[in-house]
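Read the structure below first, then the notes.
The values are calculated or read from the model by the stated rules, or taken from the named source; none is laboratory data. Please read all numbers here as calculations on a predicted model, not as lab measurements. Here the Cβ positions follow ideal geometry from the backbone for every residue, glycine too, while neighbour counts run over all protein chains shown.
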């Protein structure tokens, strides 16, 4: 109905952007593989890491050039939509908001398991669920209150700024600061959830062609996933690399000072990943050595997580800049609908309306 009576599935199959899709998905896959491999599976200087990252970037660059200069009937991504800086800012802001959920849903539970597991398994489970619970709560509250409060742009500015302050302050948390860490994380994720919900609304309102909302929101969703995937990978890589350094610098000296034979140190460190029963088979382990090693291991983890939270300041800074570039859309929050969905091919019947 939208594209005319002469349109057919065969026409869409013929005009589909196969090469563009291959360049985009293949380039993104290689780029993400390289980031995930670096510092964990292979060294950053490894040819595997460098090769996949460079090839991925080249493929993505080729995709952009292909979409810009080829005369395509159905381009995968119409590049003219990026000429709207307000739309760009709102899309990047939604991606950075989503990156908080995807990244901290990985980082926070592991932090709880190592630093704050003393309260028991149920307490750890509740703490680990705070990211999902609070970002959903923020989206719900923002959805109900957004239009009533008004000034949608400034809601995003205030929300993302408060979230950035909370996440940056988490760098002060470590061993024995469970309540502070949980409180800062909960409020930070709540404010980011509120902001992301408002920014997603602005994405559709900022699109210049309101009859092409499907394209604008679809591309925005893809970019949102790309940004959040990169952020989650960056956080994971930072944490992995920092743990390697902090554990090596903190745990062995503490174990040696407590009297553990040097030959047993590697086994002791490896036992943290295997479970409590693994320590019983290590030669020379005593309760005093166990206590000293556990304290040092927790402190090494706290130092590593502190670096992750400090790295989030860079993402938060970009998000704050994007929020300031958002357009004022309050006058567009009307009951008018630019494009409607019909029931089947009957243009007289709108989907969702009662008969």
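In table form, for the structure just shown:
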quantity	calculated
Residue tally, condition within 27 Å of residue 119 (Cβ to Cβ) and either part of a helix (DSSP H, G or I) or modelled with pLDDT under 90 (or both), over region 143-183	18
From 165, 202, 160, residue being over 18 Å from residue 332 (Cα atoms) and either in contact (Cβ under 8 Å) with a residue 60 or more places away in the chain or crowded, with 24+ Cβ neighbours inside 10 Å (or both)	160
Boolean, residue 113 is in contact with a helix residue (DSSP H, G or I) (Cβ under 7 Å, 6 or more places away or on another chain), assigned to a helix (DSSP H, G or I) and over 22 Å from residue 230 (Cα atoms)	yes
Sole residue being without any contact (Cβ under 8 Å) to a residue 24 or more places away in the chain, buried (at least 18 other Cβ atoms within 10 Å of the Cβ), closer than 27 Å to residue 237 by Cα and within 20 Å of the chain's Cα centre (by Cα), chosen from 38, 97, 27, 34	34
Boolean, residue 232 is part of a helix (DSSP H, G or I), modelled with pLDDT of 85 or more, within 15 Å of the chain's Cα centre (by Cα) and crowded, with 21+ Cβ neighbours inside 10 Å	no
Of the criteria (1) in contact (Cβ under 8 Å) with a residue 24 or more places away in the chain; (2) part of a helix (DSSP H, G or I), which one residue 122 fails	(1)
Residue check, residue 134 closer than 18 Å to residue 116 by Cα and at pLDDT 90 or above	no
Failed criterion for residue 134 (all others in (1) surrounded by fewer than 17 Cβ atoms within 10 Å (Cβ to Cβ); (2) in the same structural domain as residue 321 (by TED's automatic domain parsing) hold)	(1)
Options 96, 72, 65; residue that is outside the structural domain of residue 229 (by TED's automatic domain parsing) and assigned to a helix (DSSP H, G or I)	65
Per-region count, region 205-225, residues surrounded by fewer than 20 Cβ atoms within 10 Å (Cβ to Cβ) and not in a helix (DSSP H, G or I)	2
Residues of region 171-199 satisfying the condition of being surrounded by fewer than 24 Cβ atoms within 10 Å (Cβ to Cβ) and under 16 Å from residue 317 (Cβ atoms)	171
Number of the condition not met by residue 49 [criteria: (1) within 19 Å of residue 223 (Cα to Cα); (2) in contact with a strand residue (DSSP E or B) (Cβ under 7 Å, 6 or more places away or on another chain)]	(1)
